[in-house]
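A short worksheet on the structure shown next.
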Amino acid sequence: MPIQKKITIAIDGFSSCGKSTLAKAMAHDLGYIFIDSGAMYRAITLFCYKNKYVDEQFIDEEKIIKSLKNISIHFEYNSNTSKLEVTLNNENIEKEIRNLTISNLVSKVASIKEVRQKLVNEQQKIGENGGIVMDGRDIGSVVFPNAELKFFVTADPKVRANRRFLELNDPNVSLKDVAKNLKERDFLDSTRAESPLIQTEDAIVIDNSELTQDEQLLIALKYHKECIDYLTQFPKKK
Ligand code: DC
């Protein structure tokens with residue numbers, strides 16, 4: 001049997017739509033690498049927050065841009081969770097980046113052109129050999145415009161808020177706080193000047209409001225199989 005070609009899979013969509021869940025499950029099933037590009041934007045935001053370059057009221061873009069050369073972001077494998085976890089200057093910060101403080105600041109930092117250039121560059125390097133599932137906002141449009149398979153994942157805003165609320169499981173954070181954060185990030189992520197979140201024409205839309213994780217995965221894997229069958233029949237010219 002011929003060795004199955006490893007392709008690039010781009011998954012985009014608004015915050016808390018279940019993109020990472022789908023990306024992780026697909027990667028696991030297909031033996032691909034999974035990269036959560038949002039974790040990279042969160043890591044830079046954590047660095048900026050700790051250095052007081054950004055908070056709720058203020059942002060010092062000049063200092064952020066100057067500090068980019070001192071920021072190194074990598075992924076390390078955690079054998080307990082079987083997951084790649086993000087490191088910032090060699091420190092594992094996977095947990096810290098998920099709190100609401102960072103969620104409230106990340107879209108501001110992610111709108112800076114130089115921040116995006118640095119991360120897009122690194123994401124393209126990580127994915128240069130294919131066999132990758134990456135989720136984010138600009139993966140199908142900017143990072144991997146030639147990805148063989150692209151998904152745009154959506155879900156009802158109420159369903160999204162509820163899912164993130166349960167996931168956070170923080171007694172100090174209300175469902176209303178989470179819903180407000182999602183609404184603000186949706187607005188910032190889709191209206192920013194630099195590579196805003198868009199649904200590319202060639203992306204397959206999956207609305208998972210009423211789907212279980214397994215149902216969503218089965219749908220995506222069906223499209224993956226169709227894509228591989230097509231590429232086997234009509235290989236892409238180099
Ligand atoms: O996927 P996430 O919610 O962890 O992403 C956090 C933020 O990072 C999101 O609000 C927008 C930004 N982001 C981005 O601008 N581009 C990406 N490819 C991924 C995330």
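The values are calculated or read from the model by the stated rules, or taken from the named source; none is laboratory data. All of these numbers come straight from a predicted model, not from anything done at the bench. When we count neighbours, we look across all protein chains shown, and the Cβ atoms used for this are built from the backbone with ideal geometry, even at glycine. Ligands, DNA and RNA are excluded from the accessible area calculation, which covers all protein heavy atoms including side chains. Shrake-Rupley method; radii C 1.70, N 1.55, O 1.52, S 1.80 Å.
Brief remarks follow.
- Complete set of residues in the stretch 200-218 that are loosely packed, with under 15 Cβ neighbours inside 10 Å and either within 16 Å of the ligand (Cβ to nearest atom) or assigned to a helix (DSSP H, G or I) (or both): Q213, D214, E215, L218
- Taking the criterion of being open to solvent by less than 50 Å² (accessible area, probe 1.4 Å) and either more than 9 Å from the ligand (Cβ to nearest atom) or part of a helix (DSSP H, G or I) (or both), the residues of the stretch 105-116 that qualify are L105, V106, S107, V109, A110, I112, V115, R116.
- Per-region count, the stretch 187-199, residues of a type in the set (V, I, T) and either in a loop (DSSP other than H, G, I, E, B) or in contact with an Asp or Glu (Cβ under 9 Å, 6 or more places away or on another chain) (or both): 1
- Qualifying residue in the stretch 57-67 (condition: under 30 Å from V205 (Cα atoms) and of a type in the set (A, V, I, L, M)): no
- Residue within the stretch 13-21 that is open to solvent by less than 10 Å² (accessible area, probe 1.4 Å), assigned to a strand (DSSP E or B) and not β-branched (V, I, T) present: yes
- Of all residues in the stretch 121-140, those that are more than 8 Å from the ligand (Cβ to nearest atom) and either of a type in the set (S, T, N, Q) or surrounded by fewer than 21 Cβ atoms within 10 Å (Cβ to Cβ) (or both) total 9.
- Annotation: of all residues in the stretch 84-99 being assigned to a helix (DSSP H, G or I) and within 12 Å of the ligand (Cβ to nearest atom), the one that is surrounded by the most Cβ atoms within 10 Å (Cβ to Cβ) is I97.
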